[in-house]
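A short worksheet on the structure shown next.
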Amino acid sequence: MNQPLNYRNTRFITSAPDIRHLPNDTGVEIAFAGRSNAGKSSALNRITDQKSLARTSKTPGRTQLINMFEVVNGCNLIDLPGYGFAQVPLEMKLKWQKSLGEYLQKRECLQGLVVLMDIRHPMKDLDQQMISWAVESRLPVLVLLTKADKLKSGARKQQLMKVRETSLAFGGDVQVEVFSSLKGLGVDQVRRKLDSWFAPELERQQALLESEEAFLDDDAE
Ligand SMILES: Nc1nc2c(ncn2[C@@H]2O[C@H](COP(=O)(O)OP(=O)(O)OP(=O)(O)O)[C@@H](O)[C@H]2O)c(=O)[nH]1
Ligand SMILES: [Mg+2]
């Protein structure tokens, strides 16, 4: 097993309007998806312990591009534009939908999906569509019930149980946790899950390094 990654080292790579403007489709990518204002960018900042790595806002629709961050070589996190925000002009909405759909369907290095939803309004239609699609694509899902600080501990647990129950119906690899960017709740669980999704890439890199070293040793003899 690899060492846990240090998410504090995460750095911004690029913002792209669509997949054609992203770097090569290599390594492992984990995307953060969810309705506008669900707390995706705030979650990324909390997980990486950086105040303003991803831009956050009170106004839904803040993130309008596919934003890419690198934790370590070959291990990337993606902040996606939110879906389901009614006040966005139709033309813009269609454009985002297209680039979001394309990203999800065509990006080969996408290996895990974090779906964030406000704990007070979980599992809306579009959230369920997102999870169904991921399960059909054999993509593991981590559902984060965000802004958990808005509920008292009892209500929080009740909501967690309810959403866990609902998520069973999808039949795939779907884990549900509570999360609060404000209080730091759930951060360790998320980091552990990300570590497990990045592990195959780190092992691949390690094996490559070892075979190169063996090759050089042979050469030296
Ligand atoms: N109380 C509380 N507020 C939060 C939490 N996380 C995010 N917020 C607030 O929710 C609002 C939206 O947060 P963002 O992180 O910008 O949401 P987003 O999902 O990236 O939104 P888009 O980029 O528009 O899709 C901001 O006002 C945040 O301060 C949390 O854990 N607790
Ligand atoms: Mg955002």
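The values are calculated or read from the model by the stated rules, or taken from the named source; none is laboratory data. This one's a predicted model, so the numbers in the text were calculated from it and none came from an experiment. When we count neighbours, we look across all protein chains shown, and the Cβ atoms used for this are built from the backbone with ideal geometry, even at glycine.
Mind checking whether some residue in segment 163-176 is aromatic (F, W, Y) and either farther than 27 Å from R8 by Cβ or more than 16 Å from the chain's Cα centre (by Cα) (or both)? Don't jump to the end; show me each part of the working.
Just the residues of segment 163-176 that are aromatic (F, W, Y), to begin with: 170.
Add one more test, that the residue is either farther than 27 Å from R8 by Cβ or more than 16 Å from the chain's Cα centre (by Cα) (or both), and what stays is 170.
Yes, because at least one residue in segment 163-176 is aromatic (F, W, Y) and either farther than 27 Å from R8 by Cβ or more than 16 Å from the chain's Cα centre (by Cα) (or both).
Quick check on N67: is it out of contact with any helix residue (DSSP H, G or I) (no Cβ under 7 Å at 6 or more places or on another chain) and either on the phi > 0 side of the Ramachandran plot or crowded, with 16+ Cβ neighbours inside 10 Å (or both)? It would help to see each step written out before you state the result.
Details: out of contact with any helix residue (DSSP H, G or I) (no Cβ under 7 Å at 6 or more places or on another chain): yes; either on the phi > 0 side of the Ramachandran plot or crowded, with 16+ Cβ neighbours inside 10 Å (or both): yes.
Here the answer is yes, as N67 does meet what is asked.
Among the numbered criteria (1) under 19 Å from V190 (Cα atoms); (2) modelled with pLDDT of 95 or more; (3) within 12 Å of ligand 1 (Cβ to nearest atom), which one does S41 miss?
Result: S41 fails condition (2) only.
How many of the residues making up segment 16-42 are away from ligand 2 (no atom under 16 Å from the Cβ), among the charged types (D, E, K, R) and part of a helix (DSSP H, G or I)?
Here is the first cut: in segment 16-42, the ones away from ligand 2 (no atom under 16 Å from the Cβ) are 18-29.
Subsequent filtering for residues that are among the charged types (D, E, K, R) retains 18, 20, 25, 29.
Now drop any that are not part of a helix (DSSP H, G or I), which leaves 20.
The total comes to 1.
Based on what the data block shows, is V141 hydrophobic (A, V, I, L, M, F, W, C) and closer than 13 Å to G34 by Cβ?
Values: hydrophobic (A, V, I, L, M, F, W, C): yes; closer than 13 Å to G34 by Cβ: yes.
Taking the combined requirement at face value, the residue satisfies it.
Can you find even one residue in segment 36-48 that is crowded, with 16+ Cβ neighbours inside 10 Å, touching a strand residue (DSSP E or B) at 6+ places or on another chain (Cβ under 6 Å) and polar (S, T, N, Q)?
Yes: one or more hits.
Just give me the residues in segment 177-206 being within 15 Å of the chain's Cα centre (by Cα) and assigned to a helix (DSSP H, G or I), in sequence order.
Within segment 177-206, V187, D188, Q189, V190, R191, R192, K193, L194, D195, S196, W197, F198 qualify.
Given (1) surrounded by fewer than 16 Cβ atoms within 10 Å (Cβ to Cβ); (2) at pLDDT below 95, identify the lone condition not met by A134.
Looking at each condition in turn, A134 falls short on (1).
Within segment 70-123, take every residue that is buried (at least 19 other Cβ atoms within 10 Å of the Cβ) and aromatic (F, W, Y) and give me the one that is farthest from ligand 1 (Cβ to nearest atom).
Out of the qualifying residues, it is Y103.
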